[in-house]
């Protein structure tokens, strides 16, 4: 799989998310429409792991904290960027989400949590902020950012 094919795989997701407010209702809708175990959820998980193994995803950083923007926001993605991080028992850099953040939690280690949440979805509303934290092992987090906006703080 390449980046273009990955973007096509994500199309049902980006088409659903793009017109919706970034809030807890979106999180509920994602859990209902594309829950863990659903065909799309599992296909995205598999594609992320294959892309990392192929070297074109999470190509920045070092062991314990790898990351990278996979897709820039465009009309084809509903103005959403796509980033993926691979975190092992770490609190990442503090940042703010000017327009919100939609996170797909893909544990690699059974029982790994992202910000205290298991495999599934986590939506942060506009102007929220956090230190993305993975505990109990290793997890991939695919996150969508409206207009690609994220502000890292010091």
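Each reported figure results from applying straightforward, stated rules to the coordinates on display, with no laboratory input. Note that the coordinates shown come from a computational prediction; the quantities given were computed from them, not determined experimentally. Quick reminder, even Gly has a Cβ in these numbers, built from the backbone with ideal geometry, and neighbours come from all protein chains shown.
What to note about this one:
- Matching option when the condition is exposed (fewer than 15 other Cβ atoms within 10 Å of the Cβ) and in a loop (DSSP other than H, G, I, E, B), among 126, 93: 93
- Pick from segment 50-59, criterion within 14 Å of residue 140 (Cα to Cα) and without any contact (Cβ under 8 Å) to a residue 24 or more places away in the chain, ranking: surrounded by the fewest Cβ atoms within 10 Å (Cβ to Cβ): 53
- Top-ranked residue in segment 12-33 [being surrounded by 13 or more Cβ atoms within 10 Å (Cβ to Cβ) and free of Cβ contacts under 8 Å to residues at least 24 places away in the same chain; ranked as farthest from residue 149 (Cα to Cα)]: 33
Residue-wise test of (1) without any contact (Cβ under 8 Å) to a residue 12 or more places away in the chain; (2) part of a loop (DSSP other than H, G, I, E, B); (3) crowded, with 20+ Cβ neighbours inside 10 Å.
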site	(1), (2), (3)
37	yes, yes, no
45	no, no, no
48	no, no, yes
102	no, no, yes
106	no, no, yes
109	no, yes, no
121	no, no, yes
136	no, no, no
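- Subset of segment 77-86 [part of a strand (DSSP E or B) and more than 17 Å from residue 152 (Cα to Cα)]: 80, 86
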